[in-house]
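This structure is in C-alpha cells; I'll ask about it shortly.
The values are calculated or read from the model by the stated rules, or taken from the named source; none is laboratory data. This one's a predicted model, so the numbers in the text were calculated from it and none came from an experiment. Cβ sites come from the backbone with ideal geometry, for glycine too, and all protein chains shown count toward neighbours.
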Amino acid sequence: METYGIAHDGRVDERAIEVQQPGGIYPGDEFVYWGFGAGGLTALAGLAGFAEATIEATPTIDGHPRVLGALVRPGA
C-alpha cells in the first residue's frame, strides 16, 4: 500500500492521522485529504482487522511525504 504521509516537523513515524480540507494537499484535488503517520496507519490497519501491517519506507516524493508498507490479512 501507499498513502499520503504527515508533511511537517519530522512526524512521519508518529501515531497520528491528520485531516486536511479538500484541495489542501493538492490544489484542485477534492479527494486526497488524509495524512498518516506510520504509527497511525499501523494502528488503523489493526483496527480494520489486518493481522499485520509493516511500514517499509517513508519517502518524500516531489515534495510530498508518502508511507509505503504491506498489509497481511488474517490467515495469510
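Show the residue pairs meeting these rules: Cβ distance below 6 Å; 6+ apart or different chains; first residue within the range 35-55 and in a loop (DSSP other than H, G, I, E, B); second residue modelled with pLDDT of 90 or more.
The qualifying pairs are Phe50/Leu71; Ala51/Val72; Ala51/Pro74.
If you check Thr42 against the conditions, is it within 15 Å of Met1 (Cβ to Cβ), hydroxyl-bearing (Ser, Thr, Tyr), in contact with a helix residue (DSSP H, G or I) (Cβ under 8 Å, 6 or more places away or on another chain) and modelled with pLDDT under 90?
No: the conditions fail for Thr42.
Failed condition for Leu47, given (1) surrounded by 12 or more Cβ atoms within 10 Å (Cβ to Cβ); (2) at pLDDT 90 or above; (3) aliphatic (A, V, I, L, M), with all others met?
(1)
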